[in-house]
Amino acid sequence: MTRPTTPPPATTHLLYLHGFRSSPRSAKAQQVAARVAERHPGVVWCCPQLPPSPREAAQGLQQWVAGWPREGMAVVGSSLGGFYARWLALQTGCRAALLNPAAFPQRDLARHIGEHSAWHDPGQRFYFQLAFVDELSALAADINRLRPLSPTTPQNLYAIVSRDDEVLDWREMLDFCAGGDVKLLPGGDHAISDFDRHIDGLFDFLNLKD
């Protein structure tokens, strides 16, 4: 006899993490923020500007959610933010939704050492240091260590992966999200430009408090 699956508790605290060179002003972050404000005003919403240093970003994430209820919190992450979201979910046991997550940022961003401008504010510049690659490697080691200890299920991990992502390999993303509820888009792009067509599935997974 199969026991009915107990639905997860409603999410009362939601964290959104943007990608490399991005910000809380990204299209997807703004769409999620608008729906949370309109339909779930009681939910605690946080979408911080992440620092260039992965170590500082990880420390900031732990500080931001320090007082949040683990059973009532969830994290959404896009691209590099998806990597951070996976790391944080394994650290805390919370649910995570990943949008074209970076599976190997320690490898891919090693090609981007140098000065960069922010997508949404070209006047804002930052320097991506070689040391940051080592910091990403340390976080990746945490993920690899914790994954076997915390089985991934469709109840605790949801992902949207674009097969035609021009930045990341969709097969690596699928492996990164293995065990979760993965929506593989037959086309799409890295930004998930038609995100409005998929946002309902994301919010179904998040099960936000009204």
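What to note about this one:
- In the range 14-28, the residues that are closer than 19 Å to Trp87 by Cβ and hydrophobic (A, V, I, L, M, F, W, C): Leu14, Leu15, Leu17, Phe20
- Hey, Ala110 under 22 Å from Asp169 (Cα atoms) and surrounded by fewer than 23 Cβ atoms within 10 Å (Cβ to Cβ) or not: yes
- Residue in the range 9-18 that is loosely packed, with under 15 Cβ neighbours inside 10 Å, farther than 30 Å from Arg171 by Cα and touching a residue at least 12 places away in the same chain (Cβ under 8 Å) present: yes
- From the options Val75, Val36, residue that is in a strand (DSSP E or B) and among the aliphatic types (A, V, I, L, M): Val75
- Any pair with Cβ under 6 angstrom, 6 or more apart, that starts in the range 60-73 at a residue that is charged (D, E, K, R) and open to solvent by 90 Å² or more (accessible area, probe 1.4 Å) and ends at one that is in a loop (DSSP other than H, G, I, E, B) and modelled with pLDDT under 95: Glu71/Pro9
- Residues within the range 108-156 that are of a type in the set (Lys, Arg) and under 21 Å from the mean Cα position of the chain (by Cα), tallied: 2
- Here Val167 clears all of (1) more than 14 Å from the chain's Cα centre (by Cα); (2) among the hydrophobic types (A, V, I, L, M, F, W, C); (3) open to solvent by less than 20 Å² (accessible area, probe 1.4 Å) except the condition numbered (3).
Every residue, every condition in (1) closer than 22 Å to Glu172 by Cβ; (2) modelled with pLDDT under 95; (3) surrounded by fewer than 15 Cβ atoms within 10 Å (Cβ to Cβ), yes or no:
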position: Glu56; (1), (2), (3): no, no, yes
position: Arg86; (1), (2), (3): yes, no, no
position: Ala89; (1), (2), (3): yes, no, no
position: Pro122; (1), (2), (3): no, yes, yes
position: Leu136; (1), (2), (3): yes, no, no
position: Asn144; (1), (2), (3): yes, no, yes
position: Tyr158; (1), (2), (3): yes, no, no
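- Test result for Cys94, at pLDDT 95 or above, open to solvent by 10 Å² or more (accessible area, probe 1.4 Å) and among the hydrophobic types (A, V, I, L, M, F, W, C): no
- Test: residue in the range 26-46 that is buried (at least 16 other Cβ atoms within 10 Å of the Cβ), within 18 Å of Gln129 (Cβ to Cβ), of a type outside the set (Phe, Trp, Tyr) and within 14 Å of the chain's Cα centre (by Cα): no
- Note on the range 178-192: among residues that are under 18 Å from Asp108 (Cα atoms) and touching a residue at least 40 places away in the same chain (Cβ under 8 Å), the one that is least open to solvent (accessible area, probe 1.4 Å) is His190.
- Yes/no for Pro101 being more than 22 Å from Leu15 (Cβ to Cβ) and either open to solvent by 20 Å² or more (accessible area, probe 1.4 Å) or of a type outside the set (Lys, Arg) (or both): no
- Complete set of residues in the range 193-206 that are assigned to a helix (DSSP H, G or I), open to solvent by 50 Å² or more (accessible area, probe 1.4 Å) and closer than 15 Å to Ala27 by Cα: Asp196, Arg197
The values are calculated or read from the model by the stated rules, or taken from the named source; none is laboratory data. Note that the structure is predicted; figures quoted are calculated from it, not measured. Cβ sites come from the backbone with ideal geometry, for glycine too, and all protein chains shown count toward neighbours. The protein model used for the area step is the full one, side chains on, heavy atoms only, and it has no ligands, DNA or RNA in it. Shrake-Rupley method; radii C 1.70, N 1.55, O 1.52, S 1.80 Å.
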